[in-house]
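The values are calculated or read from the model by the stated rules, or taken from the named source; none is laboratory data. Note that the structure is a prediction, hence the values are computed from the model and not measured. FYI the Cβ positions are ideal-geometry reconstructions off the backbone, even for glycines, and counts take in every protein chain you see. Keep in mind that these areas ignore ligands, DNA and RNA; they rest on the heavy atoms of the full protein, side chains included. Shrake-Rupley method; radii C 1.70, N 1.55, O 1.52, S 1.80 Å.
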Amino acid sequence: MSIADEPLYPIAVLIDELKNDDIQLRLNSIRKLSTIARALGEERTRRELIPFLGENNDDDDEVLLAMAEELGVFVPFVGGVEHAHVLLPPLETLCTVEETCVRDKAVESLCRIGSQMRESDLVEYFIPLVKRLAAGEWFTARVSSCGLFHIAYPIAPEMSKTELRSIYNLLCQDDMPMVRRSAASNLGKFAATVEYTHLKADTMSIFEDLTKDDQDSVRLLAVEGCAALGKLLEPQDCVTHILPVIVNFSQDKSWRVRYMVANQLYELCEAVGPEPTRTELVPAYVRLLRDNEAEVRIAAAGKVTKFCRILNPDLSIQHILPCVKELASDSSQHVRSALASVIMGMAPVLGKDATIEQLLPIFLSLLKDEFPDVRLNIISKLDQVNQVIGIDLLSQSLLPAIVELAEDRHWRVRLAIIEYIPLLASQLGVGFFDDKLGALCMQWLQDKVHSIREAAANNLKRLAEEFGPEWAMQNIIPQVLDMISNPHYLYRMTVLQSISLLAPVMGPEITCSKLLPVVITASKDRVPNIKFNVAKVLESLFPIVDQSVVEKSIRPSLVELSEDPDVDVRFFSNQALQAIDHVMMSS
């Protein structure tokens, strides 16, 4: 092939590959479009490649999706923004296909290109495209058009703006529910570009029609529109137009619509403002908390703390707390779990007295819930309550339940308790800790679950940091070292892990006198797993101790292990010896 023919080669290969039966070849070809465009140059890309892609009638959704994605970043390859309009025809075709994800990607790419185009080109090419799609015979085109109005409207001449508003109005009344759904979900974006006078007059009437749609899938998308439109309207208009809609939606016959209201409630409250929320939305929220559908109660329970922050404490205690008490004993474990994940945040909102009197009994009942996720959600947020009622009250009321949960049959609950212990220790102080929780911390080192033993070892390190080496020397080290004679090798491994973590906190003196001899003794263990863990621990200890100790104790032990029959023991001991030699040489 001559050099003169070379630019023809990429397009020829592309055409062949795009017609190939193998979908992977067709996909690879589409993914290489930018490379091919660079080889062809801007003019030939506009003249040959883009028209060819527009005519490509591939029926595989994966190929079409890749094409829609690639075309969205193609503006530089066709000669920049002044030629961006040539990319619109192939994307317009993709906006009409049946597969939703292809259409969505095509709309996304059109929006990206439209936001870069010059105003004159938008008027000449983009607005007519939107009108064509909106008037499309097949519903897919009309669905896609709804996502393009917010790009076309701001630069449209006054006559076109009026036309675009009326077209959008027609789309909101389309016979096909899919089109109305698309119009409802894109209404917020379109409304944000409409002038305020038209927003109040035209857009709000469109919105009110959508809120009365006979399809619940359209109404639930209109719920999202409430929050979006509420942010655009003046507070007074928001109360007039949006508030009645929210109240009606909270009593909608479809549970999915009520679920959306419960899920979006905080955003809706922000839109209408605090005063209308207190007067109008509290009864609506109470209804949702007592809804007969568990999914609605789950969504409403998850927003209880956020909602209470908008209200004053008296209103929360009067209206919301009775519902919270009911939800704490709800028949659905998922409702109780959703409540447990947020209820601790109510303590700072309600204040000390109300927390002690009203919330503590609820916390206790949730801490004893039969469903582990409920208990877990309460444990992980205990610090929020501590800030309000203080550690003395917390320890009196909740500590017995915490101690009980430390032996919970679900290991994730035990793990959550362990992770909370250092925080609890710092708040309780050393005396109280030794009395109530010290024994538990040693007990966890012999748990049947590895994750618990690992967390328990980390916990000891954090406690030693909190209370100091002297306390650790008295309360932790003797008991940990006693466990090295445990008949089960997994517990002996936990001891080695604990020593590795505690040594940096305890310092060189205690490490040499107390910890290192135990590790050296463990190097004679009959189990290979123990021996290679000894090698790892010795590697972690040598930076802590003196040079003389390394030569006298650590190196001879590692040399002996490096001649062990087990391959893993030899590997880790040699690795440790190399690490020691490397440090010696560099120093």
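Applying 1/(1 + (r/R0)^6) with r as the Cβ-Cβ distance of Glu108 and Asn529 and R0 = 60 angstrom yields a FRET efficiency of 0.65.
Between Gln173 and Asn20, the contour length at 0.36 nm per residue exceeds the alpha carbon distance by 50.8 nm. Exceedance of the 23 Å cut-off in Cα-Cα distance is limited, within the set Lys161/Lys189; Lys131/Lys189; Lys306/Lys368, to Lys306/Lys368. Per residue, the solvent-accessible area of the chain (1.4 Å probe, heavy atoms of protein chains only, all protein chains present) comes to 45 Å². Relative protection proxy for 140-151, 104-115, 78-89, from highest mean packing down: 140-151, 104-115, 78-89 (other beta-carbon atoms within 10 angstrom). Here the label points at Thr100 and Trp411, each 7 Å from Cα along the C-beta direction, are separated by 4.0 nm in the simple model. If one puts a single equal scatterer on every Cα of the stretch 58-192 and applies the Debye formula without solvent, what log₁₀ I(q)/I(0) results at q = 0.11 Å⁻¹? So the normalised log intensities are -0.35. Modelled spin labels at Ser205 and Ala39, positioned 7 Å past Cα toward Cβ, are 5.8 nm from each other. If you compute log10 I(q)/I(0) by the Debye sum over Cα atoms at q = 0.08 Å⁻¹ for the structure shown, which of [x] -0.75; [y] -0.87; [z] -0.59 do you land on? Identified label for the calculated read-out: [y].
Here the accessible area of the chain is 51 percent carbon and sulfur, with a 1.4 angstrom probe and all protein chains present. Computed from the C-beta positions of Gln116 and Arg278 and an R0 of 60 Å, the FRET efficiency is 0.85 to the nearest 0.05.
The helix-based estimate of mean residue ellipticity at 222 nm for the chain, built from -39,500 (n - 2.57) per DSSP H run of four or more residues and divided by its residue count, is -19500 deg cm²/dmol to the nearest 500.
A Förster radius of 25 Å, combined with the Cβ-Cβ distance separating Asn248 from Glu158, puts the computed FRET efficiency at roughly 0.10. Sorted on the mean count of surrounding Cβ atoms within 10 Å across their residues, most packed first, peptides 319-326, 90-97, 34-41, 460-467 read 90-97, 460-467, 319-326, 34-41. The heavy atoms of Lys231 present about 140 square angstrom of accessible area, all protein chains included, probe 1.4 Å.
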